[in-house]
Each structure stands twice: as C-alpha cells, then as structure tokens.
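The values are calculated or read from the model by the stated rules, or taken from the named source; none is laboratory data. All figures in this text were calculated on a predicted structure; none of them were measured in a lab. Every residue, glycine among them, receives a Cβ derived from its backbone with ideal geometry; neighbour counts consider all protein chains shown. Side chains are part of the model used for accessible areas, which takes the heavy atoms of the whole protein and leaves out ligands, DNA and RNA. Shrake-Rupley method; radii C 1.70, N 1.55, O 1.52, S 1.80 Å.
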Amino acid sequence: MLAQDRTAPTQWARSVLLAVLSAAMLVLTPWTGGTANAHGSVVDPASRNYGCWQRWGSDHLNPDMAQEDPMCWQAWQANPNAMWNWNGLYRNNVGGNHQGQVPNGQLCSGGRTEGGRYNSLDTVGNWKKTRVGNSFTIRLDDQAQHGADYFRVYVTRQGFNPNTQSLGWNNLELIEETGRYGSAPTYNIPVNVSGRSGDHIIYTVWQASHMDQVYYLCSDVTF
Ligand SMILES: [Cu+2]
C-alpha cells in the first residue's frame, strides 16, 4: 500500500510532464522545420546555401566539413539559419531597383537581407561547383507557388575569378530575361551561354508575382 501511494503521484507527474512536452513539440515543430511551405530557391545548379543544406543539412556539425567544403563550413559557423531557411533569401518592395538595393560585394546575400542572415554567402572563396555545358536548364523550386513576373539570369564575364574576386554587377552579363511564369512548384529556365570556360557564378534574379518580392541567388558552376 505504501509503495503504491508513493509511485502513483510520481507516475501522474510523469504523464503530465509528457503531455506538456508533446504539446510543446507540436507548437515548436513548424518553427524548427524551417523549410516547409515557404518561398524557394534555385536548386540546380544549386544556390550556395541550398547546396550547403543539401550536402550537410543532416550532418552539419561534422568537423570534416572544414576541410572538405570550407565555404559551407564558414557559412554554417556564421549562421545555420542561412541553410535552414535556404528558401528565404529575398527582399520586399524593391521597386525594380535591383542594383540600387543590392550593392556590389553583397549580391549573394541579397544586399545583406533578413538582418544579415545570409552574409556568409558573400564570402569569396572556392565554393563547390556544379558542372554545366554551354546549354543547361536552371531549376527553381517555388514551394509557396508565388509565380514569376520574370527571371533575369546573369553569368560572370570570362576572366572574372569567383574564387578570389568579390562579385559586383559590372562582373555580370545578362544572358536571359524571361516572361511571366504561372504559379507552379518548379520552374525550368533554359539558358545558352557562349565563350565561357572554367569557374563562374550564375546569378538569378527572381521577381515573384504575389507581391514585390525578389530573390537574389548565386549558383557556382564550372563550364
Ligand atoms: Cu515568399
């Protein structure tokens, strides 16, 4: 009898604690999930933070990353939320003035948008690159199905070295400006590039249609 009287309140307290914890988990899950039902990015050739999320998202504390993928390592060290929120690199109410809102040296962070969450993406260095041919297709995931007023795709000029030089607008050449895209989960943007070899940056500006919301996305490639 005595033993039962003692264990009963303990069990009761334990089940109350479990109930409180699982309620807390339900509340917290949408926040920690991070990537659900929001925005988008270029997934192929992977944007810088999408690539770091794809390669290391399930193993982001692995110290081997410092040697194997140092640019991702510095990005994870600077702010993991740049990867968890790979789909949130945008500016609102730009009014079409991309070059005014996004200064030279800050192109890959969208002008240090979102309180600087993506600043590490401006770091100059040897980012992992996707191999592409002269004709390839950019694939952009739009999880929130915003649609697009247009996409503008730029490539760095031949002679620019993305591994050692900071990216500015004058390093870019416009290779594609699209028309509207209706809302869909994924868009394909075929591009043709000539006169390029070696390492380059593809810069994609996505003017979304649901409001004046613009995404600025750096993808590292090797031709
Ligand atoms: Cu959005």
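Could you tell me which numbered condition W56 fails, if it satisfies all but one of (1) aromatic (F, W, Y); (2) more than 19 Å from I138 (Cα to Cα); (3) crowded, with 23+ Cβ neighbours inside 10 Å?
Of everything listed in (1) aromatic (F, W, Y); (2) more than 19 Å from I138 (Cα to Cα); (3) crowded, with 23+ Cβ neighbours inside 10 Å, W56 misses just condition (3).
Hey, any hits in segment 7-14 for a residue that's modelled with pLDDT of 50 or more and either open to solvent by less than 70 Å² (accessible area, probe 1.4 Å) or under 17 Å from the mean Cα position of the chain (by Cα) (or both)?
Checked against the condition, which is being modelled with pLDDT of 50 or more and either open to solvent by less than 70 Å² (accessible area, probe 1.4 Å) or under 17 Å from the mean Cα position of the chain (by Cα) (or both), segment 7-14 yields at least one hit.
Out of curiosity, is S183 hydroxyl-bearing (S, T, Y), within 14 Å of the ligand (Cβ to nearest atom) and assigned to a loop (DSSP other than H, G, I, E, B)?
Answer is yes for this residue.
Mind checking which residues of segment 49-60 are more than 16 Å from the ligand (Cβ to nearest atom) and either touching a strand residue (DSSP E or B) at 6+ places or on another chain (Cβ under 8 Å) or not polar (S, T, N, Q) (or both)?
G51, C52, W53, Q54, R55, W56, G57, D59, H60
Would you confirm whether any residue within segment 46-54 is more than 23 Å from T186 (Cα to Cα) and out of contact with any helix residue (DSSP H, G or I) (no Cβ under 6 Å at 6 or more places or on another chain)?
no
Please find, within segment 92-110, the residue that is nearest to the ligand (Cβ to nearest atom) out of those that are buried (at least 18 other Cβ atoms within 10 Å of the Cβ) and over 13 Å from R48 (Cα atoms).
In this case the residue turns out to be V94.
Is it true that E114 is within 16 Å of the ligand (Cβ to nearest atom) and either open to solvent by 70 Å² or more (accessible area, probe 1.4 Å) or in contact with a Phe, Trp or Tyr (Cβ under 8 Å, 6 or more places away or on another chain) (or both)?
yes
For every residue, the table says whether it meets (1) open to solvent by less than 40 Å² (accessible area, probe 1.4 Å); (2) not in a strand (DSSP E or B).
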position: Q145; (1), (2): no, yes
position: R152; (1), (2): no, no
position: N161; (1), (2): no, yes
position: L167; (1), (2): yes, yes
position: E173; (1), (2): no, no
position: G179; (1), (2): no, yes
position: Y187; (1), (2): yes, no
position: P190; (1), (2): no, no
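Can you work out which of the residues in segment 61-91 that are within 16 Å of the ligand (Cβ to nearest atom) and either touching a residue at least 60 places away in the same chain (Cβ under 8 Å) or more than 18 Å from D122 (Cα to Cα) (or both) is most open to solvent (accessible area, probe 1.4 Å)?
R91
Is it the case that segment 66-81 has a residue that's over 16 Å from I202 (Cα atoms) and of a type in the set (D, E)?
Yes, some residue in segment 66-81 is over 16 Å from I202 (Cα atoms) and of a type in the set (D, E).
Limited to segment 200-222, what total is found for residues that are buried (at least 18 other Cβ atoms within 10 Å of the Cβ) and either free of Cβ contacts under 8 Å to residues at least 12 places away in the same chain or more than 16 Å from the ligand (Cβ to nearest atom) (or both)?
Summing the residues that are buried (at least 18 other Cβ atoms within 10 Å of the Cβ) and either free of Cβ contacts under 8 Å to residues at least 12 places away in the same chain or more than 16 Å from the ligand (Cβ to nearest atom) (or both) in segment 200-222 gives 8.
Please list, ordered by first then second residue, the pairs with beta carbon atoms under 9 Å, 6 or more apart or interchain, first in segment 106-118 and at pLDDT 95 or above, second open to solvent by 20 Å² or more (accessible area, probe 1.4 Å) and among the hydrophobic types (A, V, I, L, M, F, W, C).
L107/W169
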